[in-house]
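> My structure is below; once you've seen it, I'll send some questions.
The values are calculated or read from the model by the stated rules, or taken from the named source; none is laboratory data. All values derive from a computational prediction rather than experimental measurement. So basically every Cβ, Gly included, is an ideal-geometry build from the backbone, and we count neighbours across all protein chains shown. These area figures cover heavy atoms from the full protein model, side chains too; ligands, DNA and RNA do not enter into them. Shrake-Rupley method; radii C 1.70, N 1.55, O 1.52, S 1.80 Å.
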Amino acid sequence: MEFSRHRQPPEEWVTSLDAWISELRFRGCTPATLQAWWYKVSSLARRTRSGPLEISTEEIVSWINRGVDDNARRSDLNAVRSYFSYMSRHSLRMDNPVEGIPLVRRDKRKQLPASNEAVNKGLSHQDARVRLMVRLMNDAGLRRTEVATASTHDVYDDLIGKSIMVHGKGRKDRLIPLTNDLAQEIGRMPEGWLFPGEAGGHICSDTVYRLVRNATGCPPHAFRRKFATDIWKATGDLLKLQELLGHESLATTQYYVMTTHEDLREAVNGMSNYRRHATTGSRLDPEKLLKALGVPEILIPGVITTIRA
């Protein structure tokens, strides 16, 4: 039985689900994908209470439209489509109930990061699990799946501080430095999964989504976007941010950075100051120019020395 430590679907689904997962494993799908897709189809089976041979297109659509965001709906449909394609290929079901369901378009709009109010709601919530979940996403940039599978065994002491090994998408692991507060909170946790499940193992990513969304009003990924935006504003270094987020493409990382109207106004004001002072040429005191451009006073002597050199 696949994933026996997790809550199982109704008995009539088990054999076909296990065979499907076995085929996906043979094709080289990652363990994270196998577990995520198995959970999604198992969740469909539990919620509809229909067998794999009887479940209808309408029941599947109703489950997909249960209230998650577009990207989650897209992932749900991909998992269900793969399962019923397997059923059709092996003549386990004569029709494919997913065949007529249109694709869910990828939402390419920039999504807003979580607000400070949402962060405070999460960090002050009465449920200790929610507080730690929000902190892992807001302070370390973890995805909800990575939060669900986090363990005390993944925390390392690198002599400078504590870090956590995050098992990301596509078998890509990354080591994320932890803030002192977060490291201390994890250090107080019992050994093993940070979020153990009721049937053994760890909780599922959908549970993380539900707990965080209900507690803060924001989806979990909004806190990951806030982590990304704040790191970028603090460092201006997209390459470091790309490594922290575990992205293969820098273009994906740029999608996570939210530029506010205040950031744009600051840029325009800086341009205006530059134009106003540039016309004065050498008559302008370099120190005044640097102050007008917003250079911190502690850096001005070194900058002036470099310019004159």
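> Identify all aspartates and glutamates with a Cα-Cα distance to Lys233 below 17 Å; exclude those on the same chain that are fewer than 8 residues away in sequence.
Cα-Cα hits under 17 Å: Asp139, Glu243, Glu262, Asp263, Glu266.
> I'd like to know how segment 66-211 sits against the 2.2 N^0.38 Å rule of thumb: what's its Cα Rg over that expected value? Could you put the intermediate results ahead of the total?
On the way: Rg = 18.6 Å, N = 146, 2.2 N^0.38 = 14.6 Å.
Cα Rg divided by the expected 2.2 N^0.38 Å: 1.28.
> If amide H atoms are built 1.01 Å from N in the plane of the peptide, which residues on other chains or at least 5 residues away come under 5 Å of the amide H of Val104?
When sequence neighbours closer than 5 places are left aside, there are no close amide H contacts.
> Still on this structure: What value, in deg cm²/dmol to 500, does the helix sum -39500 (n - 2.57) over DSSP H runs of n ≥ 4 give at 222 nm once divided by the residues of the chain?
Details: 15 runs with 173 residues, N = 309.
Result for the chain: -17000 deg cm²/dmol, rounded to the nearest 500.
> If I take the Cα coordinates of segment 1-101 and project them onto the principal axes, what are the three extents in Å, biggest first?
The Cα atoms of segment 1-101 stretch 30, 30, 23 Å along their principal axes.
> Turning to a different aspect of this structure: What residues have an amide H closer than 5 Å to that of Lys162, excluding those fewer than 5 places away on the same chain, when H is modeled at 1.01 Å from N in the peptide plane?
Leu178
> So what's the angle, to the nearest 10 degrees on a 0 to 90 scale, between helix 220-235 and the longest Cα principal axis of the chain?
Tilt relative to the chain: about 20 degrees.
> Could you check the simple spin-label distance between Met271 and Tyr255, using points 7 Å along Cα→Cβ, in nm with one decimal?
Rounded to a tenth, the inter-label distance reads 2.7 nm.
> What FRET efficiency do you get for Arg89 and Arg7 if R0 is 22 Å and r is their Cβ-Cβ distance, rounded to the nearest 0.05?
On the way: r = 27 Å, r/R0 = 1.25.
About 0.20, to the nearest 0.05.
> So, one more: Measure nothing fancy, just the Cα-based angle from helix 31-48's long axis to the longest principal axis of the chain, in degrees from 0 to 90, nearest 10.
With rounding to tens, the tilt is 60 degrees.
> Can you give the charge dipole size of segment 200-248 about its Cα centre, rounded to the nearest 20 debye, using +1 on the beta carbon of Lys and Arg and -1 on the beta carbon of Asp and Glu? Provide the component values of the computation, followed by the final result.
Values: 7 positive and 5 negative charges, 49 e Å.
For this selection, approximately 240 debye.
> So, with +1 on the Cβ of K and R and -1 on the Cβ of D and E, and no other charges, what is the size of the charge dipole of the chain about its Cα centre, to the nearest 20 debye? Mind showing how you got there, number by number?
Numbers: 45 positive and 37 negative charges, 171 e Å.
About 820 debye.
> Work out how much length Thr15 to Glu117 would gain on full extension: take 0.36 nm times their residue separation and subtract the Cα-Cα distance, in nm to one decimal. It would help to have the intermediate numbers written out before the result.
Details: separation 102, 0.36 × 102 = 36.72 nm, distance 4.65 nm.
Working it through step by step, the gained length comes to 32.1 nm.
> Could you work out the mean projected area of the convex hull around the alpha carbons of segment 211-278, in square nanometres to one decimal?
6.1
> Over the chain, what lengths in whole Å, largest first, do the semi-axes of the equivalent ellipsoid take, defined as the square roots of 5 times the eigenvalues of the alpha-carbon gyration tensor? Provide the component values of the computation, followed by the final result.
Working: eigenvalues 444, 106, 59 Å².
Gyration-tensor ellipsoid for the chain: 47, 23, 17 Å.
> Looking only at Pro190, Pro177, Pro97, which one moves most when the chain is put into a Gaussian network model with springs between Cα atoms under 10 Å?
Looking only at Pro190, Pro177, Pro97, the largest GNM fluctuation is found for Pro190.
> Amide H to amide H under 5 Å from His202: which residues, 5+ apart in sequence or cross-chain, H placed 1.01 Å off N in plane?
Here Gly197 satisfy the definition.
> Would you kindly derive the ³J(HN,Hα) couplings of segment 194-199 from the backbone phi angles with the Karplus curve 6.51 cos²θ - 1.76 cosθ + 1.60 (θ = phi - 60°), listing them in order in whole Hz, with x for Gly and Pro?
Using θ = phi - 60°, the values come out as 5, 10, x, x, 5, 9 Hz.
> Roughly how many Å² is the accessible area per residue of segment 148-236, as a whole number, for a 1.4 Å probe?
Numbers: 4640 Å² over 89 residues.
Averaged over the residues of segment 148-236, the accessible area is 52 Å².
> Quick check: net charge around Gly122, other residues with Cβ under 9 Å of its Cβ, Lys/Arg +1 and Asp/Glu -1? Walk me through the numbers before you get to the answer.
Details: positive: Lys121, Arg131, Arg135; negative: none.
Value of the local net charge: +3.
> Rounded to the nearest Å, what's the spacing between the alpha carbon centres of segment 137-215 and segment 228-249? Just the number, please.
19
> Percent of accessible area on the chain owned by carbon and sulfur, 1.4 Å probe?
Working: 9320 of 17900 Å².
Here it works out to 52 percent.
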